[in-house]
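Colleague: Just passing along the structure, written as structure tokens.
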Amino acid sequence: MDENQENVGRGPARSGPRDSLFLLTNLSSVEGTPLGRARVRNLSATGLMADCERVVPAGIRVRFDLRGIGQVHGSVIWSQEDRIGIAFDVEIDPQMARRPVSGSKARGPIPDYLRARRFTR
């Protein structure tokens with residue numbers, strides 16, 4: 001099997017490390033037009049690959065929220081059926097998306113009123 005056959009169904013080759021993961025987000029144009037939900041499959045500092053619930057054309061500018069990172073802006077650089085590749089406007093730290101959402105030490109200890117209480121008889 002040659003390299004072209006092996007890459008069928010994928011977008012253009014990328015450089016740099018990528019994390020494989022599954023994150024859900026809602027895509028919209030930078031003007032705010034909803035473009036549907038997307039499942040992020042690969043994430044790097046400079047872009048991502050996602051499966052979308054509907055076709056999103058290459059060349060449009062998008063915005064979306066990533067857990068642990070916040071709002072991200074970028075451009076759809078390739079689109080194949082329901083799969084897209086987005087190049088970010090500004091590099092991100094992809095490890096931030098992997099950090100736990102709750103229980104962060106950065107937020108400090110859990111207040112007493114939120115702790116589970118053990119009752120004895």
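Laboratory data are not the source of any read-out in this text; all were calculated from the coordinates shown. On a predicted model such as this, the values are computed, not experimentally measured, just so you know. Neighbour counts run over all protein chains shown; Cβ positions are idealised from the backbone, glycine included.
Colleague: First select every other residue whose beta carbon is under 13 angstrom from the beta carbon of Asp82; then total the charges, Lys and Arg +1, Asp and Glu -1.
Modeller: So the environment of Asp82 carries a net charge of +2.
Colleague: Taking the Cβ of Val30 as the center, what net charge do the other residues with Cβ under 9 Å away carry, scoring Lys and Arg +1 and Asp and Glu -1?
Modeller: Local charge sum for Val30: +1.
Colleague: Hey, what's the Kirkwood Rh for segment 18-97 if you take every pair of different alpha carbons, in angstrom?
Modeller: 12.1 Å is the Kirkwood radius here.
Colleague: Oh, and also: Tell me the label-point distance for the pair Arg39, Ile60, using the 7 Å Cα-to-Cβ offset, in nm and rounded to one decimal.
Modeller: Between Arg39 and Ile60, the simple spin-label model gives 2.1 nm.
Colleague: How high is the relative contact order of segment 18-97, in percent, counting Cα pairs under 8 Å that sit 6 or more residues apart?
Modeller: Working: 203 pairs, mean separation 22.1, N = 80.
Taking the mean separation of contacting Cα pairs over the length of segment 18-97, I get 28 percent.
Colleague: Any chance you could run the full-extension gain for Phe22 through Asp89? It's 0.36 nm times the residue separation minus the Cα-Cα distance, nm to one decimal.
Modeller: Net length gain for the segment: 22.0 nm.
Colleague: Give the long-range amide H neighbours of His73: residues separated by 5 or more places, or on another chain, with amide H under 5 Å away, using H modelled in the peptide plane at 1.01 Å from N.
Modeller: Counting only residues 5 or more places away or on other chains, the set is Asp89, Val90.
Colleague: Next question, about the same structure. Say each of Arg98 and Ile77 gets a label point 7 Å from the Cα, pointing the same way as Cα to Cβ; how far apart are those two points in nm?
Modeller: The answer from the label model is 2.2 nm.
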